[in-house]
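The next block holds one structure in the form of structure tokens; read it before the comments.
Each value in this text was obtained by applying a stated rule to the coordinates, not by laboratory testing. For clarity, every value in this text was computed on a predicted model and none was experimentally measured. A quick note on method: Cβ atoms are made from the backbone with ideal geometry, for glycine too, and the neighbour counts reach across all protein chains shown.
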Amino acid sequence: MAKPRPCGCKGIRTCLICEVEFGAANLQKEDDFETAIKEGNSFVYCPKCPGKAWSGWDENQVVQEHPNHLGESVDFPGIYIHEDFLTKEEAEILVRGIDDTPWDLSQSGRRKQNFGPKCNFKRQKIAVGSFGGFPAFSLFVQEKFKKVPVMDEFQSIEQCTLEYNPDRGASIDPHIDDCWIWGERIVTVNVLGDSVLTMTYLQEKDRCRYNLPLAPDLYLNFDESLVRKVVRIPMSVRSLLIMTGQARYQWEHRILREDVKELRICLAYREFTPPYLKGGDKFGPLINKIYELASCGRV
């Protein structure tokens, strides 16, 4: 079952469809994430306590305890949450536009719609590809970014719509967004459905992955004490989540199948790393063309 399957999965990645209909085995092995749960080293980030996560696993219980949190807390910098970033009407506009846009299959039960340049992360090559700008129905989201203090001068280069359907057993494996081309701010707008982002500290042996050596030196240190900790980040419907700094570069993030309890749709936005910004040593005609396409919408 290593080859791509009709459901979109390949390799060790599986969804309910290929597990049930095609007999694919769930090949994910126990890792430090599961060990941490057994040892009780899980924490929930409280959106109302910036930079703090509190002992527990159930995100609803921990958030409802605010401000009278119980148990141990840990510092967790690099997370910005703006609840109710979208109005209900704005979310409905996005859902209608997304429904009218063709989907592509993705792995682990997801579907996606991608708008951005074509990137080869292994070879560190970039091309315009089929990128022709962002869909017009979603441009107002980027306008709203201008009112968010931590998004000063953010220029969206990629917009990716992701659908997580519980009927497909949708999830996403632990990862760090590539550090060669994507900049420090990793942005997610949760359009439909509540969910949770589960964070696990990247082990020292894996710190050559994701082009991580290209990240700012400030974030390349390793803290053994964090290896067996899990931090869960609530993502409520219509909220904005931004990962920066330590949360972006030192922690892998995933969405567990068990945390997709209802249909979830989100928009993910990426910016360029400093070398590809205007004035950077990688900026040139090709990158300028991508900026031009990214600054205009399409019907």
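Couple of notes before you dig in:
- Rounded to the nearest 0.05, the FRET efficiency derived from the C-beta distance between GLU21 and LYS289 at R0 = 51 Å is 0.75.
- Local charge for GLU204 was computed over the other residues whose Cβ lies under 11 Å away, with Lys and Arg +1 and Asp and Glu -1, and equals -1.
- Scattering profile of segment 174-299 at q = 0.10, 0.12, 0.15, 0.19 Å⁻¹ [log10 I(q)/I(0), Debye over alpha-carbon scatterers]: -0.39, -0.55, -0.82, -1.11
- Shown here for segment 98-133: trypsin sites (Lys or Arg not before Pro) in loop regions (DSSP other than H, G, I, E, B) with at most 15 other Cβ atoms within 10 Å, namely LYS122, ARG123.
- Computed over Cα pairs, the Kirkwood radius of segment 191-236 leads via Stokes-Einstein (1.306 mPa s, 10 °C) to a diffusion coefficient of 126 µm² per second.
- Point-to-point label distance, ASN120-GLN155, nm (Cα→Cβ direction, 7 Å offset): 2.5
- Summed residue charge, Cβ within 12 Å of LYS122's Cβ, Lys/Arg positive, Asp/Glu negative: +2
- Stretch gain in nm, segment ASP84-GLU258, where the contour uses 0.36 nm per residue and the Cα spacing is subtracted: 60.3 nm
- Top positive-direction residue, dipole computed over the chain with Cβ charges, set GLY280, LEU218, VAL95: GLY280
- Highest average packing first - 162-174, 59-71, Cβ atoms within 10 Å: 162-174, 59-71
- Cα convex hull, segment 252-299: 116 Å³ per residue, rounded to a whole number.
- The chain, dipole about Cα centre (Lys/Arg Cβ +1, Asp/Glu Cβ -1), debye to the nearest 20: 1080
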